[in-house]
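So the structure is just underneath, and the comments pick up after that.
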Amino acid sequence: MPWTPALADWRRTKGATDRLVGLGRLEQLVLRGDGLTTTSLEVLTGEQVTARPLQHWVVAATDDLSGAAGGANPYTGTASLAVAAELRRAHDVLELLPEESLLVREVLLRGASQVWATSSVSCVLDRLPETVMRTLSTSEAPIGRTLHEAGVVTSRKLTGWGRRPAGRWANQLAGVRSENELIPGREYVMTLPLDGRPLGYFVEWFSPALFEAPSDPMGRNR
């Protein structure tokens with residue numbers, strides 16, 4: 001399902017605007033920015049934000065998961081049918097080669113007592129330094145911070161942003177009332193600027209409560 005507004009609307013508006021219903025300037029700053037998501041959440045909430053993986057798989061590009069579609073991974077309890085969908089998307093977006101492997105995660109980004117954002121990630125491990133690849137594949141270390149601390153330079157190409165139904169994340173994200181509620185979100189491709197190769201594909205959903213603030217007495221939108 002496409003984002004609302006569509007990416008075409010962003011290209012027409014360029015800068016932040018007050019014309020996008022349900023997306024104030026603060027929301028637009030977060031959705032269209034290229035900073036670390038966890039850091040942005042900590043700045044907005046004043047809390048330490050931790051990443052809690054719900055799903056963590058490492059699969060080879062050539063793996064056939066169709067025979068295990070009803071199974072579950074003992075580490076996460078996630079049906080491999082979901083991983084098969086991530087693998088198909090990675091082949092298209094990340095130009096996955098037969099000899100490469102893919103890290104697939106679904107993550108909750110939690111503050112002290114609430115989930116502020118969720119993320120679905122596909123990352124090509126073989127395009128990273130060996131130490132980073134080992135850390136990400138064998139632990140729950142956050143991807144963005146791990147790359148930053150290891151000195152791996154990346155850039156982001158925004159491919160969609162706006163609002164989308166909360167869907168299956170409705171019972172996880174703070175303040176969301178139903179699966180049909182439209183909430184802020186974005187998707188982007190992380191690339192390695194030295195050679196231009198895509199490294200990861202990220203889709204993120206944000207709690208509307210993250211952007212709540214006292215009403216402006218002048219009635220202005222953020």
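Computed from phi, the 3J(HN,Hα) profile of region 204-209 under the Karplus parametrisation 6.51, -1.76, 1.60 (θ = phi - 60°) reads 10, 10, 10, 5, x, 5 Hz, with x in place of Gly and Pro. Within region 153-210, the ratio Rg/Rh, alpha carbon atoms throughout and Rh by Kirkwood, equals 1.12. Rounded to the nearest whole Hz, the Karplus-based 3J(HN,Hα) values (6.51 cos²θ - 1.76 cosθ + 1.60, θ = phi - 60°) of region 89-101 follow the sequence 5, 5, 4, 6, 7, 9, 6, 5, 8, x, 8, 9, 10, with x at glycine and proline. 3J(HN,Hα) couplings calculated from phi for region 152-169 with the Karplus curve 6.51 cos²θ - 1.76 cosθ + 1.60 (θ = phi - 60°) are, in sequence order, 7, 7, 9, 9, 10, 10, 5, 10, x, 7, x, 10, 8, x, 4, x, 5, 8 Hz; Gly and Pro show x.
A short reminder: the numbers here are calculations on the coordinates, not readings from a lab. These numbers were taken from a predicted model, which means no experiment stands behind them.
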